[in-house]
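Please treat every number below as a calculation from the coordinates, not as lab data. Everything numeric in this text was worked out from a predicted model, so none of it was measured. Methodologically, a virtual Cβ is constructed for each residue, glycine included, from the backbone with ideal geometry; neighbour enumeration extends over all protein chains shown.
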Amino acid sequence: ALKIAAASHLITFLLLLLSAWVIGTSWIFVLAVLVMGGILFYEHRLVRPDNLLKVNIAFFDANGWLALTMLIGAILDVWFRHSLA
């Protein structure tokens, strides 16, 4: 399950970077995706197959910060691109 989660997170990260390029987002969205990648990396460093004690922190706390990061990044990106137009 941990390997599947890691592969899914990597694919998500790469697809978000690809979508940023295809859509033509600003640097703000790309920065949010990079921060999200860091959060995902941190999340996978917390949980080990031989030590699942921090799974709640990884799942709830890290995913909460991840969602907030992407929400704020997307909102600021739209605001920034519209303010330039």
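For the chain, the longest principal axis of the Cα atoms and the long axis of helix 27-46 meet at an angle of about 0 degrees. A simple charge model with +1 on the Cβ of Lys and Arg, -1 on the Cβ of Asp and Glu and nothing else charged puts the dipole of the chain at about 120 debye relative to its Cα centre. Available extension along the chain between F80 and D50 is 6.3 nm, counting 0.36 nm per residue and deducting the alpha carbon span. Candidates N51, W27, L68 compared by Cα position along the dipole of the chain: farthest toward the positive end lies N51, with charges placed on Cβ. Any chance you could give the angle, 0 to 90 degrees and rounded to 10, that helix 63-84 forms with the longest Cα principal axis of the chain? Roughly 10 degrees between the two axes. When the square roots of the Cα gyration tensor eigenvalues are ordered a ≥ b ≥ c, the ratio a/c for the range 1-46 is 1.5 or more and a/b does not exceed b/c, which makes its shape oblate. Under the criterion of Cα pairs below 8 Å and six or more residues apart, the relative contact order for the chain equals 36 percent. Structural size metrics of the chain, computed from C-alpha coordinates, are Rg and Dmax of 14.6, 53 Å.
Note on the chain: helix-only mean residue ellipticity at 222 nm, from DSSP H runs of 4+ residues weighted -39500 (n - 2.57) and normalised by residue number, equals -26000 deg cm²/dmol.
With everything on Cα atoms, drop me the angle between helix 2-23 and the longest principal axis of the chain, reported from 0 to 90° to the nearest 10. Approximately 0 degrees, to the nearest ten. A Förster radius of 25 Å combined with the Cβ-Cβ distance from N63 to W21 puts the calculated FRET efficiency at roughly 0.50.
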